[in-house]
Amino acid sequence: MKKMVRLFSALGLSTAIVIGCGGRLLYAQNTNDPNAAPNPYRMEEFPVQMPDGRKLGAPIGVEIDQSDGKTLWIYERCGGDSCAGSTVDPVMKLDGNGKILANFGGGLVNWPHGLAAGQSPADAGQAGSGWQRSRYVRYAI
């Protein structure tokens, strides 16, 4: 009987210790706000000058042109979330002021998904990526 009392006492005491200290042991992070640290980044406005009042759709690919390092390629979803049934050009080349220098691709895709700029799939980072793209199309502008 004494052994049972000791056993239950030890079990009760260890349970109380685990419950009492467990709050601190369960959290790997401290309770400080992770967003309270100063933000070293700042927002830069880049107004894209769209033709004829067209809206910029969901941009799904942005690349700096490797030929000059100054112009920007944007691949977007035809002013919305999809290009299905649209003849709007989803690929645009912009200068440093946001002016469109070239655009193409209207009516060629339904669901734009990804952009990689380069002369070949290897230049664009596609070689050895572990998965295959369904199609690689080369455009020259």
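Worth pointing out:
- Leading residue by the ranking (surrounded by the most Cβ atoms within 10 Å (Cβ to Cβ)) among those in the range 47-68 that are among the small types (Gly, Ala, Ser) and under 22 Å from the mean Cα position of the chain (by Cα): Gly57
- Within the range 99-117, the set of residues being touching a strand residue (DSSP E or B) at 6+ places or on another chain (Cβ under 9 Å), on the phi > 0 side of the Ramachandran plot and either surrounded by 12 or more Cβ atoms within 10 Å (Cβ to Cβ) or modelled with pLDDT of 85 or more (or both) comprises just one member, Gly105.
- Qualifying residues in the range 29-48 (those that are assigned to a loop (DSSP other than H, G, I, E, B) and polar (S, T, N, Q)) - the one modelled with the highest pLDDT: Asn39
- Leu72 at pLDDT 90 or above and touching an Asp or Glu at 6+ places or on another chain (Cβ under 8 Å): no
- The range 82-98 residues that are at positive phi, paired with ones that are surrounded by fewer than 11 Cβ atoms within 10 Å (Cβ to Cβ) (beta carbon under 6 Å, 6 or more apart): Gly98/Phe46; Gly98/Pro47; Gly98/Gln49
- The set of residues in the range 49-97 being in contact with a strand residue (DSSP E or B) (Cβ under 8 Å, 6 or more places away or on another chain), in a loop (DSSP other than H, G, I, E, B) and farther than 22 Å from Ala116 by Cβ consists of Met50, Asn97.
The values are calculated or read from the model by the stated rules, or taken from the named source; none is laboratory data. If you're wondering where the values come from, they're calculated on a predicted model, not measured in any experiment. Cβ sites come from the backbone with ideal geometry, for glycine too, and all protein chains shown count toward neighbours.
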